[in-house]
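Participant: This is the structure, below, for whatever I ask next.
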There are 2 protein chains.
Amino acid sequence: MAKKNLPLSQVYKLLEPGPVVMVTTARKGRPNIMTMSWLTMMDFEPPLVGCIMGEQSYSFGNLKATKECVINIPTVELAKKVVRVGNTTGSKVDKFKTIGLTPVPAARVKPPLIKECFANFECKVIDSRMTAKYNFFVLEVLKAWIDPSKKNPKTIHHQGNGNFIVDGKRMKLRSMMK
Amino acid sequence: MAKKNLPLSQVYKLLEPGPVVMVTTARKGRPNIMTMSWLTMMDFEPPLVGCIMGEQSYSFGNLKATKECVINIPTVELAKKVVRVGNTTGSKVDKFKTIGLTPVPAARVKPPLIKECFANFECKVIDSRMTAKYNFFVLEVLKAWIDPSKKNPKTIHHQGNGNFIVDGKRMKLRSMMK
C-alpha cells in the first residue's frame, strides 16, 4: 500500500465536506464494514469526530464493545460497492469477501483499513455518554493515512434513498476560516 | 417569499450531504449570522441535528442564551457572501446589512430566516449536556421551508482555508438505505 501518514491537523479537511464513508469494526478477529453519512468534525487536533450509528446494526455492537473503528473515505469509483455495503448486514457474511474489498492491518487499532479507499482514519471512542440516548459516539482519530497518488479524489454525498451527488468544481475564496 | 413547507421527514436529505450552512440567532431583537460546516443529522423525525459552534463566536453566546437558531442552506451563487459572513464577527456589525442578506420572520422561533437561502430549518436546542466540553448542541428542527422554484440547487462543501467543492453530477443507485 502506497499510503502515507496524513498529519492529524489535516483530517478535518477531508471529513468537513460531508463525504459518505465506510466504517470498519472488528470483534473476535472478525471484521465488518458499514456505510455512514451521519458524522461531523468536533475538534481540529487531536481530531475529534462525532458519529451516529444505527443501534440495530452489527457494527454498532462491535463499536460499543471494542471502542475502536476505522473511517475509510471512498471515491466515486467505489460507489456501487459503498451501496452494497449499506444494503447488507455483516451478521452472517464477510462483506470484504462478498463485496470485494481488501482489509489491510491498521497501525493503532484492530479493525482493518479498506485498501481501496484513498483515506483511512484509525479511531477510538473517547466519549459514550450520548450513546444510549442518540446512538452517538465521540471518536478521536489516532492515526491518519492518505494515498498521495490520488490527486483529485471525488467523493460522494448521500441525499437519501440511494441518491448521491458527486464532487464537482473546486473553488478558492479568500477566507479567514480555518 | 415563495417558500413552501418541507415535511420534517425530508430534512435529512438536505443536511446529510454536508453542505456549508449559515446559522442565524437573535438576542434582544438583534439578529446575527455565522457560517457552519460542523453538523450532522442525528435522527430522522423529528429531525435532530448535532452541531459544533466555536465558543468564542458571538453566535455561540446567542444560542446558549436563547436556545433557538435557524439553519439556512445557501447555494453556490451565495458563496462569496457565505465567506464574508465567516470572516466577520457580529459583535459590532449587523451582517444582514453589511453583507447584503435579507432577514425574514420565522414561524416558530425568534431568529430570522435568510431569504436568499433555498432552505431554512427553524430549530431549538434540546440537549446541552455536551456544550461545556465540546461546544456541541443537539437541535430539533421544528419547522422547515424550501423554495420549490430551485430545481437543482448546488450547495458548497468546505475543505478548509476557503477551499470549496461545488455539487457536481447526481447519481441514483439501488439502495435500501433511507
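Participant: Which residue, A:Phe164, A:Phe118, A:Phe136, tops the fluctuation ranking in a GNM of chain A built on C-alpha contacts under 10 Å?
Facilitator: Comparing A:Phe164, A:Phe118, A:Phe136 in a Gaussian network model of chain A, the most mobile one is A:Phe164.
Participant: Which lysines does B:Lys150 reach when only Cα atoms under 24 Å apart count, and residues fewer than 8 places away in its own chain are ignored?
Facilitator: The qualifying lysines are A:Lys169, B:Lys3, B:Lys4, B:Lys13, B:Lys80, B:Lys81, B:Lys115, B:Lys169, B:Lys172, B:Lys178.
Participant: Hey, another quick one. Can you give the average number of partner chain beta-carbon atoms within 10 Å of each beta-carbon in peptide B:150-162, as a whole number?
Facilitator: Partner Cβ neighbours, averaged per residue: 5.
Participant: Take every Cα pair under 8 Å in chain A that's 6+ residues apart, average their separations, divide by the length, and report that relative contact order as a whole percent.
Facilitator: 26 percent.
Participant: Scale the Cα Rg of the range B:4-166 by the rule-of-thumb value 2.2 N^0.38 Å and send over the ratio, two decimals.
Facilitator: Taking N as the residue count of the range B:4-166, the ratio is 0.94.
Participant: Moving on to the next point. Could you check the simple spin-label distance between B:Ser128 and A:Glu45, using points 7 Å along Cα→Cβ, in nm with one decimal?
Facilitator: Calculated label separation equals 3.2 nm.
Participant: Give, to the nearest whole percent, the P(r) tail of the protein assembly as shown beyond 37 angstrom, counting all Cα pairs.
Facilitator: 15
Participant: Continuing with this model, one more query. So how strong a dipole does the protein assembly as shown carry about its Cα centre when Lys and Arg Cβ are +1 and Asp and Glu Cβ are -1, to the nearest 20 debye?
Facilitator: 500
Participant: Follow-up. Based on the alpha-carbon gyration tensor of the range B:91-178 and its eigenvalue square roots a ≥ b ≥ c, which shape applies: rounded if a/c is under 1.5, prolate if not and a/b is larger than b/c, or oblate?
Facilitator: Rounded.
Participant: Build a GNM of chain A with springs between Cα atoms under 10 Å: which of A:Ile126, A:Ile114, A:Ile71 gets the top mean-square fluctuation?
Facilitator: Evaluated over chain A, the most mobile residue of the options is A:Ile126.
Participant: Between A:Met171 and A:Lys67, what is the label-point separation in nm under the 7 Å Cα-to-beta-carbon projection?
Facilitator: Calculated label separation equals 4.3 nm.
Participant: Taking the Cα centre of the range B:4-166 as origin, work out the dipole magnitude from +1 charges on Lys and Arg Cβ and -1 charges on Asp and Glu Cβ, in debye rounded to 20.
Facilitator: Charge dipole of the range B:4-166: 560 debye, to the nearest 20.
Participant: Round to the nearest 0.05 the FRET efficiency obtained for A:Ala2 and B:Val93 when R0 = 45 Å and r is the Cβ-Cβ distance.
Facilitator: 0.35
Bear in mind that the values in this text are calculations on the coordinates, not laboratory data. Because the structure is a prediction, the values reported are computed rather than measured. Ideal geometry is used to build each Cβ from the backbone, glycine not excepted, and the neighbour counts take in all protein chains shown.
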